[in-house]
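The values are calculated or read from the model by the stated rules, or taken from the named source; none is laboratory data. Treat the numbers as computed from the prediction; the structure is a model and nothing was measured. Note: ideal-geometry Cβ built from the backbone for every residue, glycine included; neighbour counts use all protein chains shown. Keep in mind that these areas ignore ligands, DNA and RNA; they rest on the heavy atoms of the full protein, side chains included. Shrake-Rupley method; radii C 1.70, N 1.55, O 1.52, S 1.80 Å.
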Amino acid sequence: MSAVVYVYRPGPVELVTRGEDGLHVDAPQQVNEREILTSSYQLSNGFFHLVIDGLLDECSHWEVETTIQASSHLDSKSLMRQVKNSDASAVLFVGPYREEVKQFIAEFPAPMVLVGVNYTSRHDAVTIDNFGGIRQAVKHLVELGHSDIGFVGVSDMPDFEERRLAFMAYMQDAGLSVRDDWINLGTLKMAEITERTSKLLTRKDRPTALVCGNDLTAMATIEAAKQCGLRVPEDLSVIGFDDIPVAALLSPPLTTVNVPMQQIGRQAVRQMAIRDSCKDGLNYQGCVTRVATQLVVRQSTAPPATTQLG
């Protein structure tokens, strides 16, 4: 059995590096396709690096011959031609959902497994239990005594949208109101997240805790708090999502929802083998597998200030 792994990483990318004085975020830049999987972008793209690590480990375990091809866009005719001419028995597509992914999937001439792509199609997909992760985050904050909780996310991305909907649902389950003006949505650019979150945190009626759509969003939120003269977690609790490697290195270390990224890759290979074993491939009905998440409590969350003083 042989497999082709297509790694899709659309640009531009904000390169995140860590120095003695903390994290540095460079201006967004387009990534050369040869650089997508290099260590230079490990912090910026840590999620998919770990997914690919698990995928390759599982392929090695089952002695699956694997070829990796990275792409920053999906409109290349040569890419589709290579797919059609490939003699690989299986294809795995790794990357975030973007609008061009939808057309690529619709036109794809062979069965494949979507890895980390939150999109329902005729293909198999292995992705994240977003609802379970957010439920744990909200529960943790409520148990600490928070009731004024907001959400920082990104518009027009399926995973972030699920996390926003989950936040609203579990806030209501906890008997807490959801304030529209505390739902903070925008782009995934960290400078923009910091700016719009700062506007929220300078209000007199600001939340005491923020659930963030991913760890990069949480990093920008912590920076916004510092710019507003707020201490994390004394004045503001912050929770991330993903648990990328840098999350534990932040100041303070980030409480976040751990996504077993390597397990996503391994499960995708197993799903690939199931699909390959099906005799009647034309009538195969694809399925979506949600990998369970787990909250990791570190030092960016604490009881609200009024509770601490009381």
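Among residues other than Ser60 whose Cβ falls under 13 Å from its Cβ, what is the net charge (Lys/Arg +1, Asp/Glu -1)? Each step should come with its number before you reach the end.
On the way: positive: Arg266; negative: Asp53, Asp57, Glu58, Glu63, Glu65.
Counting the neighbours of Ser60, the net charge comes to -4.
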Does a label point 7 Å from the Cα of Thr202, set along Cα-to-beta-carbon, have any residues of the stretch 217-243 with amide nitrogen under 12 Å, and which are they? 227-229
Amide proton proximity set for Val117, modelled H, under 5 Å, gap of 5+: Gly95, Val126
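Per Stokes-Einstein, at 25 °C and 0.890 mPa s, what whole-number D in µm² s⁻¹ belongs to the stretch 179-278, with the Kirkwood radius over Cα pairs as the hydrodynamic radius? If you can, show how the numbers build up before the last one.
Values: Rh = 14.9 Å.
My calculation gives 164 µm²/s for D.
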Taking the Cβ of Gly175 as the center, what net charge do the other residues with Cβ under 14 Å away carry, scoring Lys and Arg +1 and Asp and Glu -1? -2
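Can you tell me which of 241-250, 138-147, 211-220 comes out highest on packing, and rank the rest after it, using the mean Cβ neighbours within 10 Å? Don't skip to the answer; put the middle values down first.
Values: 241-250: 21.7, 138-147: 18.4, 211-220: 27.2.
Packing order, densest peptide first, comes out as 211-220, 241-250, 138-147.
Count the lysine pairs in the stretch 186-310 that are 8 or more places apart or on different chains: how many have C-alpha atoms under 30 angstrom apart? List each step's numbers first, then the result.
On the way: Lys189/Lys199; Lys189/Lys204; Lys189/Lys226; Lys199/Lys226; Lys204/Lys226.
Pairs that pass both the separation and distance tests number 5.
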Could you tell me which residue out of Cys278, Ile239, Met219 lies farthest along the dipole of the stretch 195-291 toward its positive end? Charges go on the beta carbon: Lys and Arg +1, Asp and Glu -1, centred on the Cα centre. Cys278
How much accessible surface does Val178 have with a 1.4 Å probe, in Å² rounded to 10? 40 Å²
Take the solvent-accessible surface of the protein heavy atoms, probe 1.4 Å, and return the percent of it on the stretch 74-179 that carbon and sulfur atoms account for. 46 percent
Residues meeting the amide H criterion for Val91 (H placed from the backbone, H to H distance under 5 Å, 5 or more places apart or on another chain) are Val4, Val113
³J(HN,Hα) computed for each position of the stretch 178-183 - Karplus, 6.51 cos²θ - 1.76 cosθ + 1.60, integer Hz, glycine/proline x: 10, 8, 4, 6, 9, 9
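Sum up the charges of everything whose Cβ sits under 15 Å from the Cβ of Val269, counting Lys and Arg as +1 and Asp and Glu as -1, but leave Val269 out. If you can, show how the numbers build up before the last one.
Values: positive: Arg266, Arg270, Arg275; negative: Asp53, Asp57, Glu58, Glu63, Glu65, Asp124, Asp276.
Net local charge, Val269 excluded: -4.
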